[in-house]
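Undergrad: I have a structure I would like to understand better, so I am pasting it below and will then ask my questions one at a time.
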Amino acid sequence: MSVLPMVFTSGWASGINAYAVVLLLGLCGRAGVGGEVPEPLQRPEVLIAAAVLFLCEAVADKIPYVDTVWDAVHTLIRPACGAMIGSMLAGQSGGDLSEVACGALGGTTALVMHLVKMSTRMAVNSSPEPFSNLVLSVVEDLGVAALVVFALFHPVVAACIAGGLLVLGIGTVVLLWRKVRAFLRRRRERRLAAAR
């Protein structure tokens, strides 16, 4: 059962930055740091692709409105990545846990966290100053890196932290929903104005 906390934590992190999760797990696996990391994540071509995509995300994620488009494109990618990592972790453990069940857990957690991130970013983009977007992006990147590496050594504690952050994120979205609706309304008005 020790694989479940790792699946949950990697799903949470994939919902924020899937490429960072693949890159960090792969690098830690190659370095022999932490627990066992699935072999496919350690392959050089996977690490190179993850590094390039991580750099693209690191730039896109810090530019207001570009991050919203980037998030929209990744609505399918992040949950799929969380599901894939969850399945691989279950297969790596060799236990009785179903790869399908762990894939579903990782994918669902990634989807919920992705929706929290996307909604929070829409609310932040409605603010006139550009710095909150940059700060939020850096905090997300550092949080993902810290929690994924921490999970390799203390998966249960990391899963509890990820769960708490997920609940906090959902609560924040509920509180910021008015800002998100205002952002969507302004965007709709701009489209209508451009169409005229």
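Undergrad: Residue under question is F8, and the condition is that it be under 18 Å from A159 (Cβ atoms), of a type in the set (F, W, Y), open to solvent by 20 Å² or more (accessible area, probe 1.4 Å) and part of a helix (DSSP H, G or I); does it hold?
TA: It is true that F8 is under 18 Å from A159 (Cβ atoms), of a type in the set (F, W, Y), open to solvent by 20 Å² or more (accessible area, probe 1.4 Å) and part of a helix (DSSP H, G or I).
Undergrad: What are the residue pairs meeting all of these: first residue in region 42-63, first residue over 14 Å from D141 (Cβ atoms) and part of a helix (DSSP H, G or I), second residue open to solvent by 70 Å² or more (accessible area, probe 1.4 Å) and of a type outside the set (D, E), Cβ atoms under 8 Å, and 6 or more apart or on different chains?
TA: If the second residue must be open to solvent by 70 Å² or more (accessible area, probe 1.4 Å) and of a type outside the set (D, E), the pairs left are Q42/R30; L47/L27; L47/R30.
Undergrad: Among the residues of region 83-97, are any of a type in the set (D, E) and open to solvent by 30 Å² or more (accessible area, probe 1.4 Å)?
TA: So far as region 83-97 goes, yes, one or more of its residues are of a type in the set (D, E) and open to solvent by 30 Å² or more (accessible area, probe 1.4 Å).
The values are calculated or read from the model by the stated rules, or taken from the named source; none is laboratory data. Since the structure is predicted, the reported quantities are computational estimates derived from the model, not experimental observations. Note that each Cβ is placed from the backbone with ideal geometry, even for glycine, and that neighbours are counted across all protein chains shown. Each accessible area value is taken on the protein alone, full model and side chains, heavy atoms only, with ligands, DNA and RNA left out. Shrake-Rupley method; radii C 1.70, N 1.55, O 1.52, S 1.80 Å.
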